[in-house]
Structures are given as C-alpha cells and as structure tokens.
1. How about residue 448: which aspartates and glutamates have a C-alpha closer than 19 Å to its C-alpha, ignoring those fewer than 8 places off in the same chain?
2. Angle, helix 304-323 long axis vs. longest principal axis of the chain, Cα atoms, 0 to 90°, nearest 10?
3. At a Cα cut-off below 17 Å, give the lysines reachable from residue 258, other chains included and same-chain residues fewer than 8 away excluded.
4. Between residue 460 and residue 57, what is the label-point separation in nm under the 7 Å Cα-to-beta-carbon projection?
5. For the chain, what does -39500 (n - 2.57) per DSSP helix run (n ≥ 4), summed and divided by total residues, give at 222 nm, in deg cm²/dmol to the nearest 500?
6. State the Cα centre-to-centre distance between region 173-251 and region 294-322 in whole Å.
7. Give me the base-10 log of I(q)/I(0) for region 382-484 at each q in 0.10, 0.19, 0.20 Å⁻¹, Debye formula, one uniform scatterer per Cα, rounded to two decimals.
8. Give the residues of region 70-87 whose amide nitrogen is closer than 20 Å to a point set 7 Å from the Cα of residue 11 in the direction of its Cβ.
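Bear in mind these aren't lab numbers, they're just calculated from the coordinates by the rules spelled out. This one's a predicted model, so the numbers in the text were calculated from it and none came from an experiment. Here the Cβ positions follow ideal geometry from the backbone for every residue, glycine too, while neighbour counts run over all protein chains shown.
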Amino acid sequence: MIQVMLWLPLAAALLACLAPRRAAGWVAALGAAGTLGLAIALLAGFDSASAGIQHAVDEAWIPDLGVRYSLGVDGISIFLVLLTSVAWFAATTWSAIRMPERPKTYFLMLGIAQTATLGAFISQDLLLFVLFFDLMLIPFYFLFGSWGSDHPGREGEGAIRRSPATIKMVVYTLVGSLLMLAGAIATGVIAGDGTPVFSMAELRADPLGEDSQRWIFWFFAAAFLVKMPAFLVHGWMPDAYRVAPLAVLAVFAAVLSKVAAYGFLRVVLPIFPDATIQFQEVILVVALASILYGSVMAFTQTSARLVAGYSSVAQLGFITLGIFALRPDGADGAVLQMVNHGLVIVPLMLIMVILAERTGGDDITRMGGLALRAPVLAALFLVVTMALLAIPGSANFIGEFYILNGVFQEKIVFALIASIAMAMAAYYALRLFQHAMHNRKRDDVESKEIGWREGAIVGALVACIVGLALYPGIVLERSDESVKDTVSAVQEPSDEVAARR
C-alpha cells in the first residue's frame, strides 16, 4: 500500500496529460484524493505502541553502491505523510476549479512534486532520501517560473521578476542540496567496509567517529536550514513568495519546509549524535534568531504573502528549537507544530487568493471591509488567524507549550527569549485580519461571499484545524514512542558511542 501511495500522484499526473484539457485537473484531483485515502488507511493501521518502522518495503536497488529501495513510516513521518496528502488534495482541487494555463503540464509538475515529497518522508535509505529531497526542487522551479507572476514591488522599489526570483531560489536550495549529497556519500563510504552503507538503521546502530560527524553535520544542517528557510539563509524567500502562484505556494510553504525539519529528526539526530550535542547551542541560536527576526519582519510587512512568509520563518524557528532541545517533550511539540503549521498555512494562502481577487493585489493597506458581505469568509479567516497566533485552546498553542517546556528544562534562557515571539505573533496575525476584514472599505474593493466550492475546500481545512485543537493527542500519542526513540540517540553517553567504534 505504501508503494501505491507513493507513486499514485505521479501516475495520476501522467494520466492527466492524456486526458482532455478540461478534465486534466479533475484526473489529478482524483489521484490526490486516492493518495489521501491511502494515507488515512496507513494511519488507521498504524501501531502507536511501536517505535519501529511500519509498512516497510526493503529491496536491493543498486547493490554495488549499497543503495536500497527502502521505504516505511514511523510515528513521526506518518502524520507528515498525511499532511502532505491533505495539502496536495486541497491545492490540486482548488487548481482544478480555477483551471490554470497549460493545465496538463501544471498538474504533471504538481504530481511529480507530491511523489518526491512523499518519497522524502518515507525513505529509510539515506541516498534515496537525498534523491527525493533534491527531486522536490525541480517541479517547483517550473511551477514558480511558468505560472508565477511578476510583482510590481513596493513604492520606491523596482519590480520583482519571476525568472530571477525563481533562479535565486534554485541557487540557494541547490547549493544546500549538493552539500547534503556530498555529506551523504561521505557518510556511506566512511561507514562502509568496501561497500558503502546508506541504510539509516545501520548508520544509527554504528555511528561515524566524532571527527567525521563534525564536518558532515554541517553539510546536512546547511541543506535543511536553507530549505526551511532559517535566518541568514532565507534570502531567496521574499522574492520567491512574491512571484509564486498562491495555490502552489500553499503546498510549498506548508510541506517543503517540514521535509527539512523532518530531516533533522530522521537523519541528523540519530546518525550524527555526537555532533548534534556539540553544536546544539549553535543551532538553538539560529532557531532563536529565526523566531525573533521572522516575527519582527512579519508585523512590518504590507504584503500579505510576506506576512505569511516571515511568520513561517518564525514558526520553523520554534520547530527547530523544539528538536534541538534534545528532549522528548520538545520534539513531541515540534512534530505537532509541523502538522499545525501546515494545516494553517494552506487555508491562509487560499484565502489570500480570494483577497487578491477582491482588492487587486496582496497589499494589506489597500484592503478593508471584506467582511461586509462575506460573513462565511470572515469566519473561516478568523479561525485560521486564531490558530496562526496560537491562541490558548488551539493545537498551535499546545505545540508551542510542549516546545517551550522542553527548552525550559534544557536551556532556560533560550525559552524565555522565545516566549517573547508568542506575543509578536498575536500582533501580526490580528493586524492581517483587521486590515483585510474590518478596516474602512475602499471604493475599488469588492466585498462578496466566498464561492461554495472554494468554501468547501477552505472549510474542510478549517475543520481539520478545529479537530486537531480538540484532540491534539491524535498526533502526540502516536508519535511519542518514535520521538523518544529518536531523541534517545543523542542522550546516550558519547563514550559508549566511541566504544562501539
């Protein structure tokens, strides 16, 4: 079943290329719906009491190089697989309703992107993980470059062209990906005895020496921090977010950054435990800088896209903080927050499509009064806003509580500073909602209700947000054993690790 789920989006996208132009989107949406159904079935059959890999597939692929076609899910990846399926189903159906130009190629790129993302989450071979991680970049290069739009730029600034913005994104992420590829090959060669070893389970059972871990750690960390993006390596984000098509940006912002955070949990902590402990505080400083910088920038922006973009920088900083607390409660919160953020950012981006149509752009200073004749749209937007600012009672609040609890017990100063950003989130989220919905309505702004088809998509996502707020245990209970198993790799005394070498 896991293999069918992995390759179904690509198969559906290829069928969409053969279907009539008007039916292409619905063929792709049907494939996304099937993938979502299979992801739900995987979750239903998941044994939460086990920390091991389930639904495993393990076959020789390139024996001479030690590369295996190894797939499987655990309590961490199962919910990220489900998040990917939910986000892609929403974005694909939304795109089918609002048919883009050259739809066959568009839905082909979406299908390739979903298969690559799912592959990264379920790969249990290090080189296979790197392959899928790099493959994700290719379809988004075409989606941003071909279906994006030039941005006029703010007053006093030049226009932002989609081609240079897309190339800038590719250059940043490609450099990180190449570093990770070099690190993966080095890891396999050093760990192997004649034949490279890329099995994640074997690499964890017999870690590299501390000297090797130190430099390879930064190859992987660079790739993951760029993809998030984190402070100082986020330079590609503002321009890329301004030119990207919003439906595509929804899945990009919701899921691809989570692959990077997942990479820290799946690869870095268990395979490079000594280096993780050694560089813990460096990564915590980067995470803290991302939280503060992202929060400050989010409430200084007038572009709704960039409010969402910089808020994502801050949220990924929180997730990184939880992971590198190196405690089970911090990592539990990070996993929950990955799911929370993805579920919030997809409806937020889809609502921005509607705001842009009503106001002629994403400048929040030109918005206002959109709730006048759109109470359903306003209500849906309000729920998303409350989740974004992590209001008490929301699953986002629970996730941040777990993260801060883990960091308080490990590094209390970092936790105290990070707590400031929670208040900042309330400001930029409420500012966005207030400008769009309740300020004075401009004459050139159209206020009307959300359509029933778009409302059904956004409403279903909002229902997921509310459901997770009522029962966050659905994630926490099923991920707990896997999280404890992952974190235990860095809690082992380093002299025992050295003794195994």
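1. Within reach: 357, 362, 363.
2. With both axes taken from Cα atoms, the answer is about 20 degrees.
3. 227
4. With each label point 7 Å from Cα toward Cβ, the separation is 2.5 nm.
5. Mean residue ellipticity, 222 nm, calculated: -23500 deg cm²/dmol.
6. Here the two parts' Cα centres lie 22 Å apart.
7. Reported log10 I(q)/I(0), two decimals: -0.42, -1.08, -1.13.
8. Once the point is set 7 Å along Cα→Cβ of residue 11, 70-73, 81-82, 84-86 turn out to lie under 20 Å by backbone N, inside region 70-87.
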